[in-house]
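The next block holds one structure in the form of structure tokens; read it before the comments.
The values are calculated or read from the model by the stated rules, or taken from the named source; none is laboratory data. Owing to the predicted nature of the structure, the values given are computational and were not obtained by experimental measurement. Because the Cβ atoms are built from the backbone with ideal geometry, glycine has one as well, and the counts that use them run over all protein chains shown. The accessibility values were calculated without ligands, DNA or RNA, using every heavy atom of the protein model including side chains. Shrake-Rupley method; radii C 1.70, N 1.55, O 1.52, S 1.80 Å.
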Amino acid sequence: MALVEFRDSSRTMRVGKIFCVGRNYAAHAKEMHAETPEAPVIFLKPPTAILHNGGEVVLPPISKELHYEVEMVVLLGREGKNISLHEALAYVGGYAVGLDMTLRDVQAEAKKKGLPWTVAKGFDTSAPVSSFVEAERIRDPHHLALALKVNGILRQQSNTRRMIFSIEELIAY
């Protein structure tokens, strides 16, 4: 298990598993020449994928094509099963900004063969994440700006209001 940190606090929380959502923005699905999904596309990353602020990404030598996408990260603050849409946000402990890193050439080869994407998506340090902000400090998680700059150059910009599936829908799913 990995630990994540909360901003402006000494509080930490254990992370047992990382659920990721693929193609949750229509523009990204279009960019990837993929259909807009009718249900969430879920994949997992192991806790060893987490990389904290200031950490160094370690790229596996099996790839020559690293892609990255800025993401909103939702931390469930308590255990639950079969969580209803109505109760979903009550389970959120915090929010952060993260990157989903993908070895795109490795993923493309796996997709061609009908194999899982685990190696392409789940390598150690493939999930850099900021410190978390407690959920009650975020007024509207459905309207948060996300941006990614690399060496000062804007590479990606969006807003959580553009997600296909809402936070509640994803948690309930």
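Listing for the model above:
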| quantity | calculated |
| --- | --- |
| The range 35-160: relative contact order in percent, alpha carbon pairs under 8 Å with at least 6 residues between | 31 percent |
| Per-peptide average of other Cβ atoms within 10 Å, ordering 93-100, 71-78, 7-14, 120-127 highest first | 120-127, 93-100, 71-78, 7-14 |
| Stokes-Einstein D (µm²/s) once Rh is taken as the Kirkwood radius of the range 68-150 over alpha-carbon pairs, at 25 °C in 0.890 mPa s | 165 µm²/s |
| Cross-link pairs beyond the 23 Å C-alpha cut-off, checked among LYS17/LYS149; LYS111/LYS149; LYS64/LYS113; LYS121/LYS149 | LYS17/LYS149; LYS111/LYS149 |
| Karplus-derived 3J(HN,Hα), 6.51/-1.76/1.60, for each residue of the range 75-91, Hz, glycine and proline x | 9, 6, x, 8, 6, x, 9, 6, 6, 6, 4, 5, 9, 4, 5, 5, 8 |
| Percent carbon-and-sulfur accessible area, the range 105-173, ignoring ligands, DNA and RNA, probe 1.4 Å | 51 percent |
| Electrostatic dipole magnitude of the range 1-59 [Cβ: Lys, Arg +1; Asp, Glu -1; Cα centre; debye, to 20] | 200 debye |
| Share of alpha-carbon pairs per 5 Å distance bin for the chain, given as whole % | 1, 8, 15, 21, 22, 18, 10, 4, 1, 0 |
| Percent RCO, i.e. relative contact order, over the range 11-93, from Cα pairs under 8 Å lying at least 6 residues apart | 23 percent |
| Heavy-atom accessible area per residue - the chain, 1.4 Å, Å² | 62 Å² |
